[in-house]
Amino acid sequence: MLLLQAGLTAVADGTGFRSLAVPAQVLIAILPLAAVTLLAILLFFYFLWDYKKKKLSIEKGIELQSKMAPEKLLLLGIVSFFIGLGLLVFFALFSGISSSLLGGIVPMMTGLGILTFYKVKKTT
């Protein structure tokens, strides 16, 4: 809690990142790098596992199922749209009209695009 207060005070004072203690600066710099590295490693092993599973299924002659069922597509579109709408309302109330609204507009429009694709795919 003290670190959070120190960080907010540093930003409020206008002194910024340099006014924080050195260990806090190191943590702020290292945590995003560690998170991205861990995510990349997890994705690599997921894709490797999925590839081996598909290869084994083909060798055994088992028919592969489509991963993107229409119900999943509909669910993904609805969830993405409403998460984006919630973020858009939150950012609009919190910071007014600013570039932070993109944090809500992007997922909302992505969800709208997925829902449109679902509708077009279902009619054809």
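Values in this text are rule-based calculations from the coordinates and carry no lab data. Nothing here was measured: the structure is a model prediction, and the numbers come from that model. Cβ: placed from backbone, ideal geometry, glycine included. Neighbour counts: every protein chain shown.
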Item to check | Estimated inter-spin distance, L56 and S99, nm [label 7 Å along Cα→Cβ] | outcome: 4.8
Next on the checklist: Checking understanding here: applying a Kyte-Doolittle mean of at least 1.0 and a length along the axis of at least 18 Å (C-alpha), which whole DSSP H helices in the chain pass?
Outcome noted: 22-60, 70-95
Next on the checklist: Using the basic label-point model (7 angstrom from Cα toward the beta carbon), what is the T123 to I30 distance in nanometres?
Outcome noted: 5.5
Next on the checklist: If R₀ is 35 angstrom, what is the calculated FRET efficiency for the pair L74 and T37, using the beta carbon separation as r and rounding to 0.05?
Outcome noted: 0.55
Checklist entry - For the chain, what is the mean residue ellipticity at 222 nm derived from helices alone (per DSSP H run of n ≥ 4: -39500 (n - 2.57); sum divided by total residues; nearest 500 deg cm²/dmol)? => result -28500 deg cm²/dmol
Next on the checklist: Quick check: residue separation of L48 and T116 times 0.36 nm, minus the Cα distance between them. What number comes out in nm?
Outcome noted: 21.3 nm
